[in-house]
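Okay, structure first, notes after.
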Amino acid sequence: MSALNTSARIAVIGAGAMGAGIAQVAAQAGHPVLLLDNRPGAAAQAIEGIDRQLGKRVENGKLSADSRSATIARLQAVEAIEVLADCDLIIEAIVENLEVKRALFRQLESICGEHCILASNTSSLSITRIAAQLDHPQRLLGLHFFNPAPVMALVEIVSGLASDPALAQCLYDTAKAWGKKPVHTRSTPGFIVNRVARPFYAESLRLLQEGAADCPTLDALMREAGGFAMGAFELTDLIGHDVNYAVTCSVFDAYYNDTRFLPSLIQKELVDGGRLGRKSGQGFYSYAQGAERPQAAEISSTASVEVCMAEGDLGIARGLLARLREQGVEVIQRDGSGLLRVGDAVLALSDGRMACQRAREDGLRNLILLDLTLDYSKAQRIAISYAAGIDPLALDQGIALLQRAGFKVSPLSDSPALAVLRTVAMLANEAADALLQGVASAADIDLAMRAGVNYPQGPLAWADAIGLSHILNVLENLQASYGEERYRPSLLLRRRIAEGRTFHD
């Protein structure tokens, strides 16, 4: 079954921000669209809002006046559900309540013809459970758009236990024809994005709770070292802590309290205090008029560094050497175990152990651990950690070397795997389990995380680039440090290493 023809009639139930956005997407793609809401006049108001938004695009030269007029002409507000009887696809975007959705789809099943595809935009409820009471559960699927629907590229095509694979492919092809980037996923808690993304928030929240660094520093590291569009605290303030915390709790409960999805007490306190982020004026940051954003912590050195020694292959951090050479630093190469020496300091990419532990176990005095960056040749910032007993002069020399390379240097307390590395390792681990459990393909998981939450790389591709053995080592050391199942490595990660394969082989 191919994509729905543009003559196919689409209906969207729910004229809130998400429903209106989906209706706009379908109308801009050329379909006649009916918009229904149980609030009198809400559908008509939503279409007026769409018209205003498109008008702004016309004013900015991003849309022709004819396209605007044609899109609005395809949108029709309706007041009765019976009007939807001859639609080819009906997309529900109403309140996130299982029984309300079930009742709606039972009503639709009694009204619509057998050819009509029923779809839910649910972000967290089981498609299998929603469909279970239908006479024809095979015709119900998930069509999960991301907000704002006209802007965000990703659409998750969610198949429940009874969903017809041919209909899933039809929705996939239709979403693609609408200019979206669709992915297939099974109906498991969180689907792809809301499951795999949990560590992005959880690891920053844990580091904050442990006093490893403050919010501005951790956010800056995720942006300027990790290449993410926003840090966890900026992003949760934007999403709303009530929403983000509720999703975390939902996934945690759905996975029978698996500690990988453990909600944060810090975020709960914000919710309890009504500090919901931007929409309430206060979250991790203040959004009051004139409020200044705190700056990330940095440390600097006035020492002069002209030469360093690279012992062995620095692995993914080898781009740092080219960067140093470009700045006129002499880099002497010799055999070794992947260390960088300058003066009395020893610098090494973190392997997940604390600096104090690794210095003792490996016999390395004055050890400075480096966090992961997306690209060591281009990153603006890097995190470091070190043991309490480090020689201040050696620390100064290590900082001077990183500054010479052009990095802003942010210190973290001596925490396992620092910030970016532990986050990426945990994202990759969760993605690996999703792949192992048949939730989605490796390509769809990576695409979902890039297109749905704007990650700079898909977590599985990122793990391949870092090296699966290094990811495993980091996770095992995190698990040993905390003694928690939260950091247990995925079976698939171990299997791929044993097979000598990557996630994308």
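A short reminder: the numbers here are calculations on the coordinates, not readings from a lab. Values in this document were obtained by computation on a predicted structure and should not be read as measured data. Neighbour counts are summed over all protein chains in view; Cβ atoms, including those assigned to glycine, are modelled from backbone coordinates with ideal geometry.
Couple of notes before you dig in:
- Taking the DSSP bridge list for the range 10-187 and keeping only pairs wholly inside it, about 15 percent are antiparallel.
- Calculated FRET value between Ala73 and Ser7, using beta carbons and R₀ = 25 Å, to 0.05: 0.95
- Near Leu401, once Lys and Arg are set to +1 and Asp and Glu to -1 for all other residues with Cβ below 11 Å from its Cβ, the sum equals +1.
- Extension reserve of the Ala246-Leu393 stretch, reckoned as 0.36 nm per residue once the Cα distance is removed: 48.2 nm
- Degrees separating the helix 42-59 axis from the principal Cα axis of the chain, which is the longest one: 60
- Relative to the current alpha-carbon distance between Asp272 and Glu499, full extension at 0.36 nm per residue lengthens the span by 76.9 nm.
- Fraction of antiparallel bridges per DSSP, the chain only, in percent to nearest 5: 30
- 31 Å Cα-Cα threshold exceeded, pairs from Lys62/Lys268; Lys181/Lys268; Lys181/Lys279; Lys268/Lys378; Lys62/Lys408: Lys62/Lys268; Lys181/Lys268; Lys268/Lys378; Lys62/Lys408
- Anisotropy class of the range 307-411 from Cα gyration tensor, a/c 1.5 cut: rounded
- Mean residue ellipticity (222 nm) of the chain, computed from DSSP H runs ≥ 4 via -39,500 (n - 2.57), nearest 500: -13000 deg cm²/dmol
- Projecting label points 7 angstrom from Cα along Cα→Cβ for Arg106 and Asp214 puts them 5.5 nm apart.
- Charge tally for Phe284 (other residues, Cβ to Cβ under 12 Å; Lys, Arg +1; Asp, Glu -1): -2.
- One decimal place: the segment Glu59-Gln133 gains 21.8 nm when fully extended, by the rule 0.36 nm per residue minus the C-alpha distance.
- Whole-Hz ³J(HN,Hα) from phi, Karplus 6.51 cos²θ - 1.76 cosθ + 1.60, for the range 188-193, glycine and proline x: 10, x, x, 6, 8, 5
- log₁₀ of I(q)/I(0) at q = 0.10, 0.14 Å⁻¹ - the range 165-300, Debye sum with one point per alpha carbon: -0.42, -0.75
- Virtual paramagnetic centre 7 Å along Cα→Cβ of Ala465, amide N under 17 Å, in the range 490-505: 502-505
- Between the range 64-79 and the range 131-182, the alpha-carbon center distance in angstrom: 24
- D_trans [Stokes-Einstein, Kirkwood Rh over alpha-carbon pairs] for the range 5-64, 25 °C, 0.890 mPa s, µm² s⁻¹: 206
- Summed side-chain charge close to Val271 - residues other than Val271 whose Cβ falls under 14 Å, Lys, Arg +1, Asp, Glu -1: -1
- The Rg/Rh ratio for the range 420-493, using Cα coordinates for both the radius of gyration and the Kirkwood hydrodynamic radius, is 0.96.
- Separation between Cα centres of the range 404-473 and the range 491-505, rounded to whole Å: 15
- A Förster distance of 30 Å, applied to the separation of the beta-carbon atoms of Glu485 and Ile299, puts the FRET efficiency at 0.30.
- For the range 23-88, GluC sites (Glu not before Pro) meeting the loop criterion (DSSP other than H, G, I, E, B) and having at most 14 other Cβ atoms within 10 Å: Glu79.
- Taking a ≥ b ≥ c as the square roots of the eigenvalues of the alpha-carbon gyration tensor, the range 263-305 is classed oblate because a/c is 1.5 or more while a/b is no larger than b/c.
- Look at Trp178, Trp462 and count the other Cβ atoms within 10 Å of each Cβ; fewest to most, that gives Trp178, Trp462.
- Taking the square roots of 5 times each eigenvalue of the Cα gyration tensor of the range 73-149, largest first, gives ellipsoid semi-axes of 19, 17, 11 Å.
- The range 299-376-the range 25-59 distance, computed between alpha-carbon centres (Å): 56
- Within the range 255-362, the chymotrypsin sites (Phe, Trp or Tyr not before Pro) that combine a DSSP coil assignment with at most 10 other C-beta atoms in a 10 angstrom radius are Tyr256.
- Translational diffusion of the range 354-399, µm² s⁻¹ [Kirkwood Rh, Cα pairs; Stokes-Einstein; 37 °C; 0.692 mPa s]: 286
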